[in-house]
Amino acid sequence: MKSGNLGYPRIGQDREWKKALEAYWAGKLDESTLHATLKEIRLNNLRKQRDQGIDVIPVGDFTYYDHILDTSAMFGIVPERFGYGGGEVDLPTYYAVARGNRDSAASEMTKWFNTNYHYIVPELGAGVNPQLTVNRPLAAYREAKAELGIEGRPVIVGPYTYLKLSKGYAAGELDAWIDRLLPLYAHVLRELEAEGVAWVQVDEPILATSLTEDDLSRVRRIYETLTSEAPGISIMLQTYFESVDAYGFVVTLPVHGIGLDFVHDGGRNLAAVREQGFPADKTLGAGLIDGRAIWKADLRSKWETLGTLRGAVAAERIVVQPSSSLLHVPVSAARENALPAELQGALAFADEKLAELVLLAKAGRQGVEAIAVDLEAAERSRDALQRSAARTNERVRARMASLASEPAARASVFESRRAVQDAKWQLPPLPTTTIGSFPQTPEVRGARQKWRKGELSPASYESFIQAQIREWIDIQNEIGLDVLVHGEFERTDMVEFFGEKLAGFAFTAKGWVQSYGSRCVKPPVIYGDVELPKPMTVAETIYAQSLTSKPVKGMLTGPITILNWSFVRDDKSREEVAYQIALALRDEVEALEAAGIGMIQVDEPALREGLPLKREQWAHYLDWAVRAFRLSTSTVKDETQIHTHMCYSEFHDIIESISALDADVISIETSRSHGELIGIFEEHTYDKGIGLGVYDIHSPRVPSSDEMTQMIDRALRVLDPGLFWINPDCGLKTRGRKETVESLRNMVEATEAARERY
Ligand code: GLN
Ligand code: ZN
């Protein structure tokens with residue numbers, strides 16, 4: 001039995017990778033220094049895996065930006081607008097595709113399956129002429145061997161996943177695209193074969209999604225071709241992130257190994273192996289260690305799972321591996337030093353996971369006695385966390401025990417609330433508002449940093465924030481907006497801000513993970529029971545309200561967004577944790593209401609991100625997500641207006657759930673997608689307050705009031721003007737002050753003109 005890995009974080013221990021990329025982009029690092037710096041990080045990653053004793057070490061998983069973009073570059077798939085003329089894709093072109101340049105917009109970026117990683121979407125339009133520009137896996141293999149004597153296993157994104165994630169072709173052209181790419185893949189494999197490479201890892205996570213019979217026959221054709229073209233090389237067909245629906249089919253593919261996720265599979269992969277067996281001539285990549293969570297594994301239960309697998313697969317045909325690439329977890333937990341001891345002891349980032357893999361493989365070879373000490377140690381640390389005060393909060397327990405009787409519906413239906421709210425608020429038709437944040441200028445960020453370092457007293461920081469609020473209340477009044485916001489100047493990040501104030505959260509010092517390109521995020525860690533010790537947003541909100549007679553919206557991040565942007569404890573279901581967060585937020589909502597705030601916005605931009613990969617599981621997720629939102633927002637009076645906000649325009653397939661949130665008003669991103677969303681309302685009615693963003697805040701350009709008028713007119717052709725709100729697409733924190741003021745002025749102008757017409 002061997003230990004193996006599927007991919008290692010690229011970003012380096014101290015985000016050296018990110019810093020090098022950004023320095024290069026800023027012209028502060030020349031190309032050869034960039035290459036040298038990244039090579040050092042890459043080799044260091046390999047060395048670590050070797051030194052820990054990993055048997056199967058992936059090579060070629062490293063990237064200069066994103067592995068899908070690398071695959072495109074390897075095959076010369078560069079959109080025509082970048083003026084690429086064939087041959088190896090140079091660095092400026094590579095980064096232009098990722099980030100855009102003066103003349104051309106970047107390629108689209110989108111979420112990698114159900115993770116928070118984002119990839120660059122390949123564009124297969126006309127003018128693209130696939131060719132093998134450079135054999136990346138081969139180069140990576142040679143480097144590892146020459147520099148470190150490591151016999152690595154090259155990684156490549158499989159053809160079907162690559163094509164299914166691409167855009168720019170019609171469904172009927174898929175087979176033709178397979179025909180164009182297959183020879184290139186075959187060429188890559190033949191060269192690896194000629195080099196004497198024994199195994200290659202071909203990633204096909206698409207196999208963990210719901211596929212049709214046509215999909216499956218294409219997959220068969222692909223792998224029949226590849227194995228016959230390069231018969232001397234063994235293919236490990238790697239899946240991850242979910243169970244493989246077509247297990248019986250996948251195991252009959254003519255490949256030498258199948259990699260399965262036994263962590264995020266809902267038990268289905270394991271059941272399939274147990275019930276249907278596993279072919280005796282294939283190797284099983286057993287994804288036992290969670291590649292996406294940060295917790296030490298329960299090695300005893302992993303050993304049991306391994307026992308089940310050994311009932312179906314010979315030990316020497318098992319590779320113990322993570323459930324997916326480790327790129328989704330931070331580098332090393334050993335670097336944390338300010339966390340509560342019981343939490344620190346229970347963490348496993350990438351490096352600690354490598355150690356777990358080695359232990360399990362060792363047990364597989366020598367018997368479980370060989371790791372008895374480690375097993376016990378793992379158990380002790382998991383127990384210590386389980387027993388910690390943070391996880392045994394009696395108040396939270398009591399509340400969760402009576403969850404069934406907690407209200408999750410407003411006292412009255414929307415129609416009745418609407419009458420009460422109209423009477424109370426007396427807003428003009430087509431009321432105007434914004435999404436919450438105003439520009440986080442260098443001045444605002446600077447003050448916060450000084451305060452965090454203790455260079456600015458809490459009192460001075462508070463009066464600084466108040467001055468910002470005052471200034472922007474005046475600006476909003478002067479522009480003539482109807483519903484105001486305080487501006488969120490005291491918040492760095494819409495999840496971190498709340499995590500720092502809620503019980504049950506912790507923040508790592510170096511727990512960074514790559515989100516997209518050089519952008520890294522440091523997700524909060526939800527490790528204990530979540531509770532609100534004291535109000536989090538009341539002071540700033542009532543201060544803002546004291547300055548104006550217009551309503552000021554309270555501004556909170558919703559339970560599902562907090563959940564989806566954090567690392568979550570693994571001893572409770574996500575659903576349960578969501579309810580805990582929801583109840584804590586309810587306390588905040590009630591505190592705001594009690595303090596006289598009559599409009600409260602609870603943002604859920606990440607609601608969609610939590611959707612399971614498999615369609616048949618959507619309903620269950622949406623059910624509890626909606627319930628969590630409603631637990632937070634349902635106890636207020638009829639006259640209190642609940643708002644929510646979402647930043648995506650894919651709305652049609654979850655519109656019922658969004659309506660079920662029962663928010664009085666929703667604001668939603670529309671302009672960036674050029675109003676695509678509006679068409680949805682021709683087929684679906686939405687009968688509560690709704691604001692479709694009338695301008696894109698992602699660009700510094702000031703939109704004219706005419707443009708916004710067009711957007712408003714289009715929207716009002718399908719939506720009831722009596723329920724329509726006017727607002728930008730999203731928060732304005734990344735914008736400059738001047739452009740923000742000008743844009744909002746134009747927005748109010750467009751609104752006033754529209755009020756004449758409707
Ligand atoms: N209220 C938040 C803001 O305005 C919402 C941000 C978001 O939707 N991502 O910044
Ligand atoms: Zn938004």
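The values are calculated or read from the model by the stated rules, or taken from the named source; none is laboratory data. Note that the coordinates shown come from a computational prediction; the quantities given were computed from them, not determined experimentally. Please note: Cβ atoms are built from the backbone with ideal geometry, for glycine as well, and neighbour counts cover all protein chains shown.
Computed quantities for the displayed model
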{"quantity": "Set 115, 37: member being crowded, with 17+ Cβ neighbours inside 10 Å, in contact (Cβ under 8 Å) with a residue 60 or more places away in the chain, farther than 20 Å from residue 154 by Cα and of a type in the set (S, T, N, Q)", "calculated": "115"}
{"quantity": "Tally of residues being assigned to a loop (DSSP other than H, G, I, E, B) and either in contact with a helix residue (DSSP H, G or I) (Cβ under 8 Å, 6 or more places away or on another chain) or polar (S, T, N, Q) (or both) across the stretch 147-171", "calculated": "6"}
{"quantity": "When residues of the stretch 587-605 are limited to those that are in contact with a Gly (Cβ under 8 Å, 6 or more places away or on another chain) and either free of Cβ contacts under 8 Å to residues at least 40 places away in the same chain or in a loop (DSSP other than H, G, I, E, B) (or both), the one nearest to ligand 1 (Cβ to nearest atom)", "calculated": "604"}
{"quantity": "First in the stretch 534-558 and within 16 Å of ligand 2 (Cβ to nearest atom), second anywhere and of a type in the set (Phe, Trp, Tyr), Cβ under 8 Å, 6 or more apart", "calculated": "556/498; 557/497; 557/498; 558/629"}
{"quantity": "Residue satisfying all of: in the stretch 634-645; touching a Pro at 6+ places or on another chain (Cβ under 9 Å) and surrounded by fewer than 23 Cβ atoms within 10 Å (Cβ to Cβ); nearest to residue 242 (Cα to Cα) among these", "calculated": "634"}
{"quantity": "Residue in the stretch 396-408 that is free of Cβ contacts under 8 Å to residues at least 24 places away in the same chain and farther than 30 Å from residue 596 by Cβ present", "calculated": "yes"}
{"quantity": "Some residue of the stretch 651-668 being among the small types (Gly, Ala, Ser), within 16 Å of ligand 1 (Cβ to nearest atom) and not in a helix (DSSP H, G or I)", "calculated": "yes"}
{"quantity": "Residue within the stretch 610-633 that is surrounded by fewer than 23 Cβ atoms within 10 Å (Cβ to Cβ), among the hydroxyl-bearing types (Ser, Thr, Tyr), without any contact (Cβ under 8 Å) to a residue 40 or more places away in the chain and within 26 Å of residue 390 (Cβ to Cβ) present", "calculated": "no"}
{"quantity": "Residue match in the stretch 439-460 (condition: within 16 Å of ligand 1 (Cβ to nearest atom), farther than 23 Å from residue 698 by Cα and in a helix (DSSP H, G or I))", "calculated": "yes"}
{"quantity": "Residue in the stretch 527-534 that is over 13 Å from residue 557 (Cβ atoms) and surrounded by fewer than 17 Cβ atoms within 10 Å (Cβ to Cβ) present", "calculated": "yes"}
{"quantity": "Matching entry among 605, 524 (being buried (at least 19 other Cβ atoms within 10 Å of the Cβ), touching a Ser or Thr at 6+ places or on another chain (Cβ under 8 Å) and more than 29 Å from residue 481 (Cβ to Cβ))", "calculated": "524"}
{"quantity": "Of all residues making up the stretch 717-731, the number that are more than 21 Å from the chain's Cα centre (by Cα) and within 16 Å of ligand 2 (Cβ to nearest atom)", "calculated": "4"}
{"quantity": "Residue match in the stretch 524-531 (condition: assigned to a helix (DSSP H, G or I), modelled with pLDDT of 95 or more and of a type in the set (Gly, Ala, Ser))", "calculated": "no"}
{"quantity": "Residue in the stretch 518-559 that is nearest to the chain's Cα centre (by Cα), counting only those that are under 23 Å from residue 465 (Cα atoms) and small (Gly, Ala, Ser)", "calculated": "554"}
{"quantity": "Selection within the stretch 642-663 - within 13 Å of ligand 2 (Cβ to nearest atom) and either in contact (Cβ under 8 Å) with a residue 60 or more places away in the chain or of a type outside the set (Phe, Trp, Tyr) (or both)", "calculated": "643, 644, 645, 646, 647, 649"}
{"quantity": "Residues that are of a type in the set (Lys, Arg) and not in a loop (DSSP other than H, G, I, E, B), drawn from the stretch 96-144", "calculated": "99, 111, 136, 142"}
{"quantity": "Test: residue 640 is within 16 Å of ligand 1 (Cβ to nearest atom), modelled with pLDDT of 95 or more, within 21 Å of residue 416 (Cβ to Cβ) and among the polar types (S, T, N, Q)", "calculated": "no"}
{"quantity": "Matching option when the condition is within 30 Å of the chain's Cα centre (by Cα), surrounded by 14 or more Cβ atoms within 10 Å (Cβ to Cβ) and under 22 Å from residue 502 (Cβ atoms), among 346, 350, 338, 333", "calculated": "346"}
{"quantity": "Residue 691 being over 30 Å from residue 413 (Cβ atoms) and within 28 Å of the chain's Cα centre (by Cα)", "calculated": "no"}
{"quantity": "Pick from the stretch 580-597, criterion out of contact with any helix residue (DSSP H, G or I) (no Cβ under 7 Å at 6 or more places or on another chain) and among the small types (Gly, Ala, Ser), ranking: nearest to residue 424 (Cα to Cα)", "calculated": "594"}
{"quantity": "Criterion violated by residue 121 - all others in (1) crowded, with 19+ Cβ neighbours inside 10 Å; (2) of a type in the set (A, V, I, L, M, F, W, C); (3) within 30 Å of residue 242 (Cα to Cα) satisfied", "calculated": "(1)"}
{"quantity": "Extreme residue, farthest from ligand 1 (Cβ to nearest atom), among residues of the stretch 389-438 that are of a type in the set (D, E, K, R) and within 30 Å of residue 723 (Cα to Cα)", "calculated": "415"}
{"quantity": "Single residue of 671, 659, 649 found to be out of contact with any Ser or Thr (no Cβ under 6 Å at 6 or more places or on another chain) and surrounded by 19 or more Cβ atoms within 10 Å (Cβ to Cβ)", "calculated": "671"}
{"quantity": "Matching residues, the stretch 185-201, being in contact with a strand residue (DSSP E or B) (Cβ under 7 Å, 6 or more places away or on another chain) and over 19 Å from residue 133 (Cβ atoms)", "calculated": "197, 198, 199, 201"}
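Quick grid of which residues meet (1) surrounded by fewer than 19 Cβ atoms within 10 Å (Cβ to Cβ); (2) modelled with pLDDT under 95; (3) within 25 Å of residue 652 (Cβ to Cβ):
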residue	(1), (2), (3)
678	no, yes, yes
690	no, no, yes
706	yes, no, no
722	yes, no, yes
732	no, no, no
755	yes, no, no
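Table: residues versus (1) β-branched (Val, Ile, Thr); (2) closer than 22 Å to residue 79 by Cα.
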| residue | (1), (2) |
| --- | --- |
| 147 | no, no |
| 158 | no, yes |
| 166 | no, yes |
| 179 | no, yes |
| 201 | no, no |
| 207 | no, no |
| 213 | no, no |
| 219 | yes, no |
